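The values are calculated or read from the model by the stated rules, or taken from the named source; none is laboratory data. Since the structure is predicted, the reported quantities are computational estimates derived from the model, not experimental observations. Neighbour counts run over all protein chains shown; Cβ positions are idealised from the backbone, glycine included. For accessibility, only protein heavy atoms count, side chains too; no ligands or nucleic acids. Shrake-Rupley method; radii C 1.70, N 1.55, O 1.52, S 1.80 Å.
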Amino acid sequence: MDVLGSLAGGFATALQANNVLFLLAGCILGLIIGVLPGLGGTSGVAILLPISVYIARDNSATTAIIFLAGIYWGALFGGVVTSILFNIPGEPWAVALLFDGYPLAKRKGKPGVALASSFMASWVGALFATILLTFLAKELADVALRFGPAELFAVFVLSFATLIGLGAESPMKAVMMVAFGLLLAAIGFDTITGEPRLAFGQISLLSGIGFVPVTIGLFGIGEIIASADEAGIGYVEKIAARVGLKDILETFAALRKRIWLVIANGVIGFFFGSLPGHGATAGSFLGYGLARQWARNKEDFGKGEISGIMAPQAAADASAVGSLVPMLALGVPGSPTSAVMMAGLFIWGLQPGPLLFIDHPDFVWGLMASIYLGHLLTFLICLTAVPLLAMIMRAPHGILTPFIVIISVIGAYSLNNDMKDVAITIVFGIIGYWLRKMKYPLAPLVVALVLGDSTERELRKALIGSQGEWSVFFVSPISAILIALAVVLLALPLIGQLRRRGTAQA
Amino acid sequence: MRPYQVATAAIFLLIAAVAMFDTRSGALPTSAAGVPGGLRGGWYPFWSGAVVAVAAIVVGAQTLRRPDTEPGVFKDRGAVLYLAKFILPMIVTTYLMSDKLLGFYVATAAYVAYYAGLVARYRWYWAVLAGIAIPLVIYLVFEVAFKALLPKSVFYPTTPF
């Protein structure tokens, strides 16, 4: 079946009434989560993951993934509203929007244009990224289907290397988090020899530590403690904001002038996002940097230049879409948020990876079609509902904070009806708060935790096949190239350090 | 910041050491028959632990070598107090949620009312109202709509929650 035919089938799935309903619910919840500072998209998806279990039970896994993905898209759009109107980023990926979004809204008095610019760029960027996803994911999956244990292990190693080598503030802390995640994943029975490991005589530890309670803890509880700690949201300056027809027309004219910039950022963001571990946040900074680099009017940046809004937002949304590529094609999460979605796939009984395209085509193509629909839906809601979104900012924190704690607890409990998981969530909530405080990156930890079992399995399968010969990873050209790439990525921070030292001495 | 950073790295080093000690028997490949690929179950966690340990030592050493640019971890004593007022009741609440104690709904009501009234300092009637409304909404969404059972109190079924 060709791509367009499959996509048409996907639209037939995505347009079923219950799927549209849950897509809408996901997008709206995502918008709310995006607007609320102190609650990010990853936490939102993590907290609502258990609800998706009920959705998958009553409908299908396709409905559940459409719902979770909808939260991601909603949060992508919603995070920028507070950046632009209040100078408070609702999401980490909306930080780049502070540079030009707030000045355009405040100093130039055009909040409507600023908002419309970001929504339109989000939508156009995501549209191009989704088209790329539609045509490339299947190709990549076809290649990945031929992978054996050695190649798969090499893919996992490359994923960890990108997390460590690109973007991490302290590469050594990222190394530590990756290894710590692998260690946590190893707790419990060894699937190959059946030996108990790291259980310390505790029966409850033999089944291992669940990925979901840990993630809800790290992101849900950890983030709410961190934002309670930073408190001080306090005074919010009110900018009256509506997106009127005039704003839309003005923005449209601005977009036409910058259409190539937006499309280029969409494409670049997509490929950047498809690298494992890097989602919208890194994408938006990359987009802002590129727009400034290419612009002839560099001095306008930071003063409310529309390119400074459109470029990062197009790249951010495209990166989020791109982060689904490795999840669908390789079974490797492309961002922390898609790591949480991947956990959902496991719970609903699906194995993320290339076989999805063969065993569950309705799932894959339904998801892809829902990305087109979800972005369009969110875009339309955003254009009409800005005043409502701005009101969410005034939600009473004294009630919201305990509510989020309680919802996280329900999420952890309801997976297995086990209070042990609640305890894990609370413990990892406190750990997550502390690691944030100490500036440890959490993305490597989460990705390593979700990939830990597969990494070990493929590594040992490869070594069993080769009778313990490590050369197996270099005999296959694909795994040799991937591992070589991983080594280069791991060396990047080291080279950077040496160069800095060189210039400091000169 | 520095003492906290070093302490955090030291805790990771300790965790890694415990893990490596626990899995030491599988650390090295063995030629014994019947072990697939010559690797015991402890091999992979042992070496993951080893990487954690090495990274923790490097992070600790880096922190000690670089100048301590950031002051304390917490803004002031008020911030520490606030955290305690937030985290400790959260732990107590989840403990009380067990079906051998207060159960989910009563514990939730108490926690929400506590936070709204004593931490966020809302008027007492708002706190009580929130304490009733939130468990009620959760009951309707989870117990009625999703048919998910949450732990009831030890008094159930004498009381409805």
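Measuring against 29 Å, Cα to Cα, the residue pairs A:Lys106/B:Lys85; A:Lys106/A:Lys298; A:Lys110/A:Lys437; A:Lys437/B:Lys147; A:Lys108/A:Lys439; A:Lys110/A:Lys257 contain A:Lys106/B:Lys85; A:Lys110/A:Lys437; A:Lys437/B:Lys147; A:Lys108/A:Lys439 as the ones spanning a longer distance.
Ordered by 1.4 Å accessible area with all protein chains kept, A:Glu299, A:Glu169, A:Glu305 run largest first as A:Glu169, A:Glu299, A:Glu305.
Here's the list of aspartates and glutamates a cross-link from B:Lys100 could span, going by alpha-carbon distance under 18 Å and ignoring same-chain residues fewer than 8 apart: A:Asp418, A:Asp421. Peptide A:178-188 has a mean of 6 when you count, residue by residue, the C-beta atoms of other protein chains within 10 Å of its C-beta. Normalised by 2.2 N^0.38 Å, where N counts its residues, the alpha-carbon radius of gyration of segment B:2-65 equals 1.39. A Cβ-based charge dipole, computed about the Cα centre of the protein assembly as shown with Lys and Arg at +1 and Asp and Glu at -1, lands at about 1720 debye. Within segment A:405-439, the residues that become at least 40 Å² less accessible when every protein chain is included than when their own chain is isolated (1.4 Å probe; DNA, RNA and ligands ignored) are A:Val405, A:Ile406, A:Ile410, A:Tyr413, A:Met419, A:Ile426, A:Ile430, A:Trp434, A:Lys437, A:Met438, A:Lys439. Chains B and A together bury some 5300 Å² of accessible area, summed over both sides, with a 1.4 Å probe. Placing pseudo-labels 7 Å out from each Cα toward the beta carbon at A:Lys439 and B:Tyr156 gives an inter-label distance of 4.7 nm. Please identify the longest segment of chain A free of exposed trypsin sites (Lys or Arg not before Pro), where exposed means a DSSP state other than H, G, I, E or B and no more than 11 other Cβ atoms within 10 Å. By the stated rule (loop sites, at most 11 other Cβ atoms within 10 Å), A:395-506. Between the helical axis of B:103-114 and the longest alpha-carbon principal axis of chain B there is an angle of about 80 degrees. Bridging of A:Lys138 to aspartates and glutamates at a Cα separation below 17 Å is possible for A:Asp2, A:Asp359, A:Asp362, once same-chain residues fewer than 8 apart are set aside. Largest accessible area first, the residues A:Met419, A:Met391 order themselves as A:Met391, A:Met419 under a 1.4 Å probe with ligands, DNA and RNA left out. Per-residue shielding of B:45-58, expressed as the average number of other chain Cβ atoms within 10 Å of the residue Cβ, stands at 6. The trypsin sites (Lys or Arg not before Pro) found in segment B:108-161 that occupy coil by DSSP, while having at most 12 further C-beta atoms within 10 Å, are B:Arg121, B:Arg123, B:Lys147. Stretching A:Phe135 away from A:Leu15 to a fully extended chain increases their span by 41.1 nm, per 0.36 nm per residue minus the current alpha-carbon distance.
Element breakdown for segment B:77-145 at a 1.4 angstrom probe: carbon and sulfur atoms account for 75% of the accessible area. Taking every protein chain into account, the accessible area of the protein assembly as shown amounts to 41 square angstrom per residue (probe 1.4 Å). With each label modelled as a point 7 angstrom along the Cα→C-beta vector, the A:Ser466-A:Ser204 pair spans 4.1 nm.
Taking only protein heavy atoms and a 1.4 Å probe, the accessible area of segment B:2-65 is 73% carbon and sulfur. For chain A, the share of alpha carbon pairs falling in successive 20 Å distance bins from zero is 24, 58, 18, 1 percent. Taking every residue in B:88-97 and counting other chain Cβ atoms within 10 Å of its Cβ, the average works out to 4. Where does helix B:124-138 land angle-wise versus the long Cα axis of chain B, in degrees 0 to 90, nearest 10? Between the helix axis and the principal axis of chain B, the angle is about 70 degrees. Taking a straight line from the alpha carbon of A:Lys303, these aspartates and glutamates sit under 15 Å away, with near neighbours fewer than eight places off in the same chain left out: A:Asp100. What a 1.4 Å probe finds exposed on segment A:329-372 is 60% carbon and sulfur by accessible area, rounded to a whole percent.
In the protein assembly as shown, taking the dipole from charged Cβ atoms about the Cα centre, the farthest positive-side position among B:Leu118, B:Trp43, A:Gly109 is held by A:Gly109. Taking the helices alone, chain A has a mean residue ellipticity at 222 nm of -25000 deg cm²/dmol, built from -39,500 (n - 2.57) per DSSP H run of at least 4 residues and averaged over all its residues.
Which FRET efficiency, nearest 0.05, do A:Ile481 and A:Lys303 yield, Cβ-Cβ r, R0 51 Å? Calculated transfer efficiency: 0.65. Between the beta carbons of A:Leu494 and A:Arg107, assuming R0 = 45 Å, the FRET efficiency works out to 0.60 to the nearest 0.05.
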